[in-house]
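The values are calculated or read from the model by the stated rules, or taken from the named source; none is laboratory data. The shown structure was predicted, so the numbers you read here are calculated from the model rather than taken from an experiment. Methodologically, a virtual Cβ is constructed for each residue, glycine included, from the backbone with ideal geometry; neighbour enumeration extends over all protein chains shown. Surface areas here come from the heavy atoms of the whole protein model, side chains and all, with no ligands, DNA or RNA. Shrake-Rupley method; radii C 1.70, N 1.55, O 1.52, S 1.80 Å.
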Amino acid sequence: MHYIILDLEWNQASAKPVELSASDPPGLRFEIIEIGAVKVDPLGNVLGEFSELIRPVVHPHLFERIREVVKITEEDLIHARSFLEVWNDFISWCGSDFRFCTWGSMDLTELQRNVDFYGLENPFPHPLLYYDIQKLYSLAFEDGKIRRALDYAVGALALPEDGAFHRALSDAYYTWMVMDALDMEALSPMVSIDYHRPPRDRKEEIYLKFETYSKFVSRIFPTREDAMLDKNVVSTVCYRCGRAARKKIRWFSSAGRHYFSLSYCPEHGWLKGKIRMKKADDDSGVFAVKILKLVDEASASKIFEKQQEIRRKRKLKQQSEANQKTDKGGSGT
């Protein structure tokens, strides 16, 4: 197996990164305008590189901020090849036995959204596992939670800055340089999952066990409520011993899409559960991403406190609504 260190640049129609504006054509929020990649063997030897601009057709005019950051002009893109042409060459260049490495989690998702938009076959494995070098950098040098920009990591590691940032090929090389500074043998179990194509049925549901936590990705359900009725979604099994941990605090909702629980394993102690509900890209429903992690007494107490605080706020809201109804009823007499 070899590694494909991938970086993309894309254009968009409006400044808002989440909400579609009236001028945005449906189905393609970010249109790829450049693919850059470096092919590396397991020993860290560079085997080749891929770099090509792509002529945009959905968002042909470069958004001002994109033009400033990536230093690409519309004139640069006029004579570039189409996405289909570049895509075919890129997939051929990648080969048959590789794993993607990216800085962050967006590139692979946006690449597949572009593939879907043009009605092309998605050749990637399902599930698509990859290395998020941004996450691995945080695990190696920081707290594992903070996410740094690529230029920050390059500077912090005192790596040579031979090319401009925010161009696909140079950023792919910078990502490889950061990756080369990591102990990839130790970090190799820490794969990430791309969520663009969630499991389609129970057989495809994903369960991964890491040193300090486990992750489960469910199939798609019509609603969050349906997902929370599923046995696989709500189970709390200790990833160290495989035994079902007894729930001390059953799953409760926080901020709408997040659920928490607290269980106890007789052999390994407190097990914190967190479920994030994610919307499927094709609007077919939602799927659950569950993480179970062994925690200490202090962390377990925080889950209890969180539950109590949510209950308190709900009670105050109910009392407020009841008082408003009483006031309205009284004003009519």
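Things to note:
- Whole-Å distance, taken between Cα centres, linking region 131-169 and region 228-265: 34 Å
- Length-normalised contact order of region 227-333 in % [C-alpha pairs under 8 Å, at least 6 apart]: 18 percent
- In the context of the full set of protein chains, the chain has a per residue accessible area of 54 Å² (1.4 Å probe).
- For the chain, Cys with no neighbouring Cys Cβ under 4.7 Å: CYS94, CYS101, CYS241
- Helix 83-94 and the long axis of the chain differ in direction by around 90°, with both axes built from C-alpha atoms.
- Quotient of Cα Rg and 2.2 N^0.38 Å for region 178-296, N being how many residues it contains: 1.12
- Loop GluC sites (Glu not before Pro), region 57-150, which have at most 14 other Cβ atoms in a 10 Å radius of their Cβ (DSSP): GLU121, GLU142
- One way to sum up the overall shape of the chain is the equivalent ellipsoid from its Cα gyration tensor, whose semi-axes run 40, 28, 20 Å, largest first.
- Chain lengthening between ALA156 and ARG243 when straightened (0.36 nm per residue, less Cα-Cα): 27.1 nm
- Sum of -39500 (n - 2.57) over DSSP H runs of 4+, divided by residues of the chain (222 nm, nearest 500): -10000 deg cm²/dmol
- Charge dipole of the chain (Cα centre as origin; +1 on each Lys and Arg Cβ, -1 on each Asp and Glu Cβ, all else neutral): 3020 debye, rounded to the nearest 20.
- Cα Rg over Rh - region 31-102, Kirkwood: 1.04
- The residue among TYR195, LEU262, ILE133 whose Cα reaches farthest toward the positive pole of the charge dipole of the chain, with charges on the beta-carbon of Lys, Arg, Asp and Glu, is LEU262.
- Nearest-0.05 FRET efficiency for GLU74 and ASP281, computed from C-beta distance (R0 30 Å): 0.55
- Percent carbon-and-sulfur accessible area, the chain, ignoring ligands, DNA and RNA, probe 1.4 Å: 51 percent
- Average Cα contact separation per residue, the chain, under 8 Å, 6 or more apart, as relative contact order %: 13 percent
- Fraction in percent of alpha-carbon pairs per bin - 10 Å, region 108-266: 8, 27, 32, 23, 9, 1
- Within region 22-81: Cβ-based charge dipole about Cα centre, in debye rounded to nearest 20 (Lys, Arg +1; Asp, Glu -1): 100 debye
- Net +/- balance of residues flanking GLN112 in space, Cβ distance below 9 Å, scoring K and R +1, D and E -1: -2
- Note on region 35-165: dipole from Cβ charges, positive end direction compared against ALA80, ASN122, PHE90; the farthest Cα belongs to ASN122.
- For region 76-135, average projected area of the Cα convex hull in nm²: 5.1 nm²
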